[in-house]
1. When the residues of the range 30-50 are filtered to those that are within 16 Å of the ligand (Cβ to nearest atom) and in a strand (DSSP E or B), which remaining residue is surrounded by the most Cβ atoms within 10 Å (Cβ to Cβ)?
2. Six or more apart or on different chains, Cβ atoms under 9 Å: show the pairs whose first residue is in the range 48-74 and on the phi > 0 side of the Ramachandran plot and whose second is surrounded by fewer than 20 Cβ atoms within 10 Å (Cβ to Cβ).
3. Out of everything in the range 59-89 that is in contact with a strand residue (DSSP E or B) (Cβ under 9 Å, 6 or more places away or on another chain) and among the small types (Gly, Ala, Ser), what residue ends up being surrounded by the most Cβ atoms within 10 Å (Cβ to Cβ)?
4. Report, by residue number, each residue of the range 160-172 that is under 19 Å from ASP102 (Cβ atoms) and either among the hydroxyl-bearing types (Ser, Thr, Tyr) or touching a strand residue (DSSP E or B) at 6+ places or on another chain (Cβ under 7 Å) (or both).
5. Looking only at the range 174-191, which residues are more than 16 Å from the ligand (Cβ to nearest atom) and either surrounded by 24 or more Cβ atoms within 10 Å (Cβ to Cβ) or closer than 16 Å to LEU148 by Cα (or both)?
6. THR154 versus (1) more than 16 Å from the ligand (Cβ to nearest atom); (2) within 18 Å of ILE209 (Cα to Cα); (3) among the β-branched types (Val, Ile, Thr): which is the lone unmet condition?
7. Taking the residues in the range 92-127 that are assigned to a helix (DSSP H, G or I) and away from the ligand (no atom under 16 Å from the Cβ) as candidates, determine which candidate is nearest to ILE143 (Cα to Cα).
8. Can you pull out every residue in the range 67-91 that is assigned to a helix (DSSP H, G or I), among the hydrophobic types (A, V, I, L, M, F, W, C) and either in contact with a Gly (Cβ under 7 Å, 6 or more places away or on another chain) or more than 16 Å from the ligand (Cβ to nearest atom) (or both)?
Amino acid sequence: MDKHRIILWVSILLLAGLFVVDALTGADAERKVRVIIDPGHGGQDSGSTYDGVEEKNLNLKIAQYLAEELEKRGVSYKLTREDDTFVSLSDRANIANQYDGDVFISIHHNAIKNAASANGTETLYFPSKDKMLLLSGEELAQIVQNQLVSQLGTRDRGTVARSNLAVIRKTNMAACIAEIGYLSNSNERGQMVSESFQRAAAKALADAIQEALTIIDTKEP
Ligand SMILES: [Zn+2]
């Protein structure tokens, strides 16, 4: 091959490469993910287990119903796990940051030993002002907490600042952990295993997400 032919081929390959890169980024831009849904635990990590009910399964159920709900409302989302697999806490945060969501909601259920009567909903956030956000984690947590408590009729345990939890600390967006209710409370556990309760929780979370996104959109320059 002479020199000109080589140059011609190199140019064609470079142009083809540019075209592929352009097509990929175009597709990504179209499918911008707004919500990261994080079903807590999974795989060998069951979370807490009471009377054969494993926390990981309840978290995933609500997450799947929430995904359905967001789909219906045309809100784009990404799940950190879609089935019963183990995903590390830092991988969950990495997925959220890679997809660059606007809000991150981790779904968990609470439990406490030797306090069988403890019950209710609480939402955790990372207390920081260094994340320069249009909506803070604390504000997101308050919106989520209000929707859950008012729609589920659970006891309002409020929002709680927690600085030692990886998924809300390492995510670059408004983030919170919703503790739906207490698995260690037999009454509450009885409610939480029902599909109607799980769907109600998913609806409350979807309403909270839409409220949060509306605030973000109105503040967006
Ligand atoms: Zn948990």
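1. Pass one, the range 30-50, residues within 16 Å of the ligand (Cβ to nearest atom): 37-50.
Still in the running and in a strand (DSSP E or B): 37-39, 42, 45, 49-50.
Working: ILE37: 27, ASP38: 27, PRO39: 29, GLY42: 23, ASP45: 14, THR49: 13, TYR50: 16.
If we take residues in the range 30-50 being within 16 Å of the ligand (Cβ to nearest atom) and in a strand (DSSP E or B), then PRO39 is surrounded by the most Cβ atoms within 10 Å (Cβ to Cβ).
2. ASP51/SER186; ASP51/ARG189
3. Per the criteria, the residue is ALA63.
4. To start, the set of residues in the range 160-172 that are under 19 Å from ASP102 (Cβ atoms) comprises 167-172.
Across the range 160-172, the qualifying residues are VAL167, ILE168, THR171.
5. Within the range 174-191, the first condition is being more than 16 Å from the ligand (Cβ to nearest atom), and the residues that meet it are 174, 186-187, 190-191.
Listed by number, the residues that qualify are ALA174, GLN191.
6. (2)
7. Start the filter on the range 92-127 by keeping residues that are assigned to a helix (DSSP H, G or I), which leaves 92-99.
Still in the list and also away from the ligand (no atom under 16 Å from the Cβ): 94-99.
Details: ASN94: 24, ILE95: 23, ALA96: 20, ASN97: 22, GLN98: 25, TYR99: 23 Å.
The extreme case among them is ALA96.
8. Taking the range 67-91 first, the residues assigned to a helix (DSSP H, G or I) are 67-73, 89-91.
Right, trim to among the hydrophobic types (A, V, I, L, M, F, W, C) and you get 67, 70, 89.
Scanning the range 67-91 gives ALA67, LEU70.
Read-outs: derived from the displayed coordinates by stated rules, not from any lab. This one's a predicted model, so the numbers in the text were calculated from it and none came from an experiment. Neighbour counts run over all protein chains shown; Cβ positions are idealised from the backbone, glycine included.
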